Every structure is written in C-alpha cells, then in structure tokens.
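One structure is given below, encoded as structure tokens.
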Amino acid sequence: MLVEPVALSDFFLSFFSAAMIILCAALYAALYAWAKIKARPWFYWGAWLAYAALLVCVGIFSSVNHFTGYWLFLSLSMALGYAFMPRFIWGLCVATHVDEPDHSPHSGDHHD
C-alpha cells in the first residue's frame, strides 16, 4: 500500500504543519506541567488550547500527506495518546522524587 506523494505546491503546508505539531505538543506539555507546579487553572486552559491546535495540525498534516488506512490510524493514535502523556510523565516525576525534601525558592541568583 503506497501513499500518494505530496504535491510540490503542498510541501510547505506539510512541512509547516509538521513543525506546528512539534511546537504545539511541547507547549501542551509545558503548560500542563506549569499548571501542576503553580496550581493555576488557566494554565490548564492554555494546555488544552495547545492540544486542540495539535489536533488541528495533525488533521492538516494527515490530509495534505494523503494518509489513509494504517497511516491515518497511526497519526490519530499518536494524537490521542499524546493527550495522556503529560499526565503519565508528571506521575513518573512525582513518584521518582517522593523521597526528596521540598525545596523553597531562594531569593537572588544563588543556586544549590
């Protein structure tokens, strides 16, 4: 099963949507972690907005690259699976640092 090649006129859209998938995924993970650290609900809203943008980019990327069948399933499973990854990564970080004492922020530029 061959995938139809991307037309030269759609190459920029394919490249741009692929780059936006990476950026939206990173923004989603960063905002989710920041929401957990700061306990501010509006960071969660930003994280979900970034995830919605990621879904749009995956849709555009799949459409421009003519994904069907297995490839479409693979790209959609990647997008749906990424919805849970920041939660699992956060849980892993919390579990591996459970024995460490809490650190309070220091004033100034001094580091441990």
Helices (runs of 4 or more DSSP H) contained entirely in the stretch 35-96, each with at least 3 residues that are modelled with pLDDT of 95 or more and crowded, with 18+ Cβ neighbours inside 10 Å: 41-64
Conditions: (1) surrounded by 20 or more Cβ atoms within 10 Å (Cβ to Cβ); (2) at pLDDT below 95; (3) hydrophobic (A, V, I, L, M, F, W, C). Residue 30 meets all but one. Number of the miss? (1)
Please go through the stretch 6-52 and pick out each residue that is more than 27 Å from residue 63 (Cβ to Cβ) and in contact with a Leu (Cβ under 8 Å, 6 or more places away or on another chain). 43, 44
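The values are calculated or read from the model by the stated rules, or taken from the named source; none is laboratory data. Remember, it's a predicted structure, so these values are computed and weren't measured experimentally. Using ideal geometry, Cβ is built from the backbone for each residue, glycine included, and neighbour counts are taken over all protein chains shown.
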